Amino acid sequence: MKPAVHGHCPERYTVVVRGLVLLCSIGIRRAERDRKQRVRVSVELTASAASSVPGEDRRRVINYEKVVAAIRQIAQSGHIDLCEGFAARICEACFADPRVGHIRVEVEKLDIFADAEAVGAVLERTRPA
């Protein structure tokens, strides 16, 4: 990718998974440990500057099917205390793809407060240079 010149931004390639809802054992309260609850996960994976936009080349894409499979596996792997911990584990799994340069993960518990759509955490990480 070319660097930005005179206010022109280089192309950015981002893969998204929005609003994946699954059941998960998450939380620090006793009641949360005793039953699974609905959690919504959204992920944005931005390719590193060294990774070009894949166009029609399927071999060069960041595979969202693998991302969803990794999220599901983490959710099913056992109890997680915090949304922040779930998000951190998702980041680690996504950085297994060397093309991923930046990750933004939202993990939200949907059934905590009747008068709130969701509560949770947002984590952003950039691959170390």
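The values are calculated or read from the model by the stated rules, or taken from the named source; none is laboratory data. A quick note: this is a predicted structure, and the numbers were derived from the prediction, not measured. Positions of Cβ are backbone-derived with ideal geometry, glycine not excepted, and every protein chain shown enters the neighbour counts.
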Next item on the list: Go through the range 33-46 residue by residue and tally those that are among the charged types (D, E, K, R), surrounded by 12 or more Cβ atoms within 10 Å (Cβ to Cβ) and either farther than 11 Å from residue 108 by Cα or at pLDDT below 90 (or both).
Entry: 3
Item checked: Filtered residues of the range 85-129 (kept if assigned to a loop (DSSP other than H, G, I, E, B) and either under 18 Å from residue 13 (Cβ atoms) or aliphatic (A, V, I, L, M) (or both)) -> 95, 96, 97, 98, 99, 110, 112, 114, 116, 118, 127, 129
Item checked: Pair list, Cβ < 6 Å and 6+ apart or interchain, from the range 17-42 residues that are of a type in the set (Lys, Arg) to residues that are part of a loop (DSSP other than H, G, I, E, B) -> 36/25; 38/110; 38/111; 40/110
Next item on the list: Pull up the range 18-32, narrow it to residues that are of a type in the set (Lys, Arg) and under 21 Å from residue 106 (Cα atoms), then point me to the one that is surrounded by the most Cβ atoms within 10 Å (Cβ to Cβ).
Entry: 18
Margin query: As an exercise: evaluate residue 72 against (1) loosely packed, with under 15 Cβ neighbours inside 10 Å; (2) in contact with a Gly (Cβ under 9 Å, 6 or more places away or on another chain); (3) not in a loop (DSSP other than H, G, I, E, B) and give the number of the one condition it does not meet.
Written below: (2)
Notebook entry, point to check: Taking residue 107, is it buried (at least 19 other Cβ atoms within 10 Å of the Cβ) and either among the polar types (S, T, N, Q) or touching a residue at least 60 places away in the same chain (Cβ under 8 Å) (or both)?
Noted result: yes
